[in-house]
1. Find the relative contact order for the chain and round it to a whole percent, using C-alpha pairs within less than 8 Å whose residues are 6+ positions apart.
2. What is the dipole size for the chain, taken about its Cα centre, with +1 at each Lys and Arg Cβ and -1 at each Asp and Glu Cβ, in debye to the nearest 20?
3. Rounded if a/c is under 1.5, else prolate if a/b is larger than b/c, else oblate: which is the stretch 22-117, with a ≥ b ≥ c the root eigenvalues of its Cα gyration tensor?
4. Helix 88-101 versus the longest principal axis of the chain: what is the Cα-based angle in degrees, 0 to 90, to the nearest 10?
5. Mind checking which of Gln128, Gln76, Gln213 has the largest fluctuation in a GNM of the chain, springs on alpha carbons under 10 Å?
6. Considering the chain as a Gaussian network with a 10 Å cut-off on Cα pairs, which listed residue, Pro217, Pro110, Pro127, attains the greatest mean-square fluctuation?
7. Report relative contact order for the stretch 153-192 in percent, whole number only (criteria: Cα-Cα under 8 Å, sequence separation at least 6).
8. What angle do you read, to the nearest 10 degrees and between 0 and 90, between the alpha-carbon axis of helix 63-75 and the longest principal axis of the chain?
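Laboratory data are not the source of any read-out in this text; all were calculated from the coordinates shown. Remember, it's a predicted structure, so these values are computed and weren't measured experimentally. Quick reminder, even Gly has a Cβ in these numbers, built from the backbone with ideal geometry, and neighbours come from all protein chains shown.
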Amino acid sequence: GVSIAAAPVQAQEITVGFVTSLSGKASSIGLNYEKGFNAAVAYKSEVDGHKIKVIRLDDVSDPSAATQAARKLVEQEKVDIMVGTSSAPGATAMMGIANELKVPLIAISPVLLKVPEQGHPWGVAIPQTPSLMVKVIADRMKRDGIKTAGFIGFNDSWGDLVYNGAKAAEAAGGPKVTSNERYSRTDTTVTAQALKVLATKPDGLYDGGSATQGALPLLELRKLGYKGGFFGTPSLLNRDFVRVGGKAVEGVQVSAGPV
């Protein structure tokens, strides 16, 4: 008889394109992602004998730069898969490129996965959806007897996701949302927005910001004498949020989970 031996599978390199915010307003989040990713690669540098090669890019906390980085990773670096990035607007931008160029993306910030006209989304989001995050917050508010809640958040897709979650919770019997005030991630003052929130006299407040910049409205509201409770998503919490917010952010309640 004739024996046929299967040819050995040749090990190949897996190229991963990793985008995070090493500079700019989202860097207090992005630098932590960088440390975590480095630790992950150090822990497991190969899969089934295939070596992992990582190409790292800084999106400077800018969604347009995240778009350019994703396109460069696919078209020039020929990566097999992408991971990124530190903000919801940036991750959403990368998801658009993943769908367009049909290269998988692991989103490490919350994004809404929209199914393309043809096929399926070329990505997954690791954190739970913003609507679920906010539902947990709204349920806690309801248990605490909070009937009305102001909203102040970023004037970008992350602010939209949190606000829409708050309105969905309201429709399901949660606290009535009394305001929809927005500010830029680059703003240094939110006095005007805080005064408008105060004018609605809410029992509590949804913070639709994140990390360092998420502390800004809480600092301003406490300065103006607001005594109500502060509530937010896990995107608020990192060392810089606590450092910048100080006493103003003591007691802030967030829904548990990664961001």
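1. Contact order relative to length: 15 percent.
2. Dipole of the chain, to the nearest 20 debye: 820 debye.
3. oblate
4. Its long axis makes an angle of about 30 degrees.
5. Top of the fluctuation ranking is Gln76.
6. Per the Cα network of the chain with a 10 Å cutoff, Pro127 tops the list.
7. Details: 26 pairs, mean separation 19.3, N = 40.
After rounding, I find 48 percent.
8. 10 degrees
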